[in-house]
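Engineer: Structure provided below as structure tokens; questions to follow.
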Amino acid sequence: MRKFVLAVAAIALATTAAFADVITDRQAVMKENARQVGTLVKMVKGESAFDAAAVLAALTALNDNVQKIDVAASFPAGSDQGDTTASPKIWEDAAGFQAEVDKFKAVTASAVAAPAQDLDALKAQVGTIGQTCGTCHEAFRVKKG
């Protein structure tokens, strides 16, 4: 009986650790997305000069990262527990969440296909990207504080 209890405890610990890795991985993806968008926002705000090559680099990095998002792998059942701001709505409305991720993939792919060549075009692209992020965050992320 003691061996059984230890085995169950070991499995539970391993499962918790696995979910911690999934959470850490998806948080890293989101932080990298924010970093790339931040590069673009600095140009929009006039904090850095418009640079078409830097725009393309940031959009490409963002798109590459977004295209790798695999909802099933990044948000498995049970990974709503722990240090995460992922809303339970992700698991309650998996199809809706997948649709938002798919929208984000389409928006970033479109941006890379036709990157902004001037500040006004960049403002429009950043607005579309930001709106897509915001819509998903409103529905599928728990606000901190």
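Read-outs: derived from the displayed coordinates by stated rules, not from any lab. Nothing here was measured: the structure is a model prediction, and the numbers come from that model. Backbone-built Cβ (ideal geometry, glycine too); neighbour counts: all protein chains shown.
Engineer: Any residue in the range 126-137 that's touching a residue at least 60 places away in the same chain (Cβ under 8 Å): show its pairings with residues that are in a helix (DSSP H, G or I) and not aliphatic (A, V, I, L, M) at Cβ separation under 9 Å, as long as the two are six or more apart or on different chains.
Structural biologist: Listed by first residue and then by second, the contacts come to 129/104; 129/108; 133/33; 133/104.
Engineer: Just for the range 23-40: of the residues that are of a type in the set (Val, Ile, Thr) and either outside any helix (DSSP H, G or I) or touching a residue at least 12 places away in the same chain (Cβ under 8 Å) (or both), which one is surrounded by the fewest Cβ atoms within 10 Å (Cβ to Cβ)?
Structural biologist: 29
Engineer: Can you tell me which residue among 86, 109, 72 is more than 16 Å from residue 23 (Cβ to Cβ) and hydrophobic (A, V, I, L, M, F, W, C)?
Structural biologist: On the way: 86 fails: more than 16 Å from residue 23 (Cβ to Cβ); 72 fails: more than 16 Å from residue 23 (Cβ to Cβ).
The conditions single out 109.
Engineer: Within the bounds of the range 111-134, is there any residue that is under 12 Å from residue 40 (Cα atoms) and under 15 Å from the mean Cα position of the chain (by Cα)?
Structural biologist: The answer is yes, given that some residue of the range 111-134 is under 12 Å from residue 40 (Cα atoms) and under 15 Å from the mean Cα position of the chain (by Cα).
Engineer: Something else about it: Mind telling me which of the residues 75, 50 ends up being touching a residue at least 12 places away in the same chain (Cβ under 8 Å), surrounded by 13 or more Cβ atoms within 10 Å (Cβ to Cβ), touching a strand residue (DSSP E or B) at 6+ places or on another chain (Cβ under 9 Å) and not charged (D, E, K, R)? Can you show your working first?
Structural biologist: On the way: 50 fails: touching a strand residue (DSSP E or B) at 6+ places or on another chain (Cβ under 9 Å).
Going through 75, 50 in turn, just one is touching a residue at least 12 places away in the same chain (Cβ under 8 Å), surrounded by 13 or more Cβ atoms within 10 Å (Cβ to Cβ), touching a strand residue (DSSP E or B) at 6+ places or on another chain (Cβ under 9 Å) and not charged (D, E, K, R): 75.
Engineer: Anything in the range 89-107 that is under 14 Å from residue 141 (Cβ atoms) and exposed (fewer than 13 other Cβ atoms within 10 Å of the Cβ)? List them, or say none. Write out each step before concluding.
Structural biologist: Pass one, the range 89-107, residues under 14 Å from residue 141 (Cβ atoms): 89-93, 96-97, 100-101, 104.
The answer is 92, and nothing else.
Engineer: Looking at (1) in a helix (DSSP H, G or I); (2) of a type in the set (D, E, K, R); (3) touching a residue at least 60 places away in the same chain (Cβ under 8 Å), can you tell me which one residue 102 breaks?
Structural biologist: Going through (1) in a helix (DSSP H, G or I); (2) of a type in the set (D, E, K, R); (3) touching a residue at least 60 places away in the same chain (Cβ under 8 Å) one by one, residue 102 breaks only (3).
Engineer: Let me confirm something: among 124, 86, which residue is surrounded by fewer than 15 Cβ atoms within 10 Å (Cβ to Cβ) and of a type in the set (A, V, I, L, M)? Spell out how you get there, then give the answer.
Structural biologist: Details: 86 fails: surrounded by fewer than 15 Cβ atoms within 10 Å (Cβ to Cβ).
Only one candidate passes the filter, namely 124.
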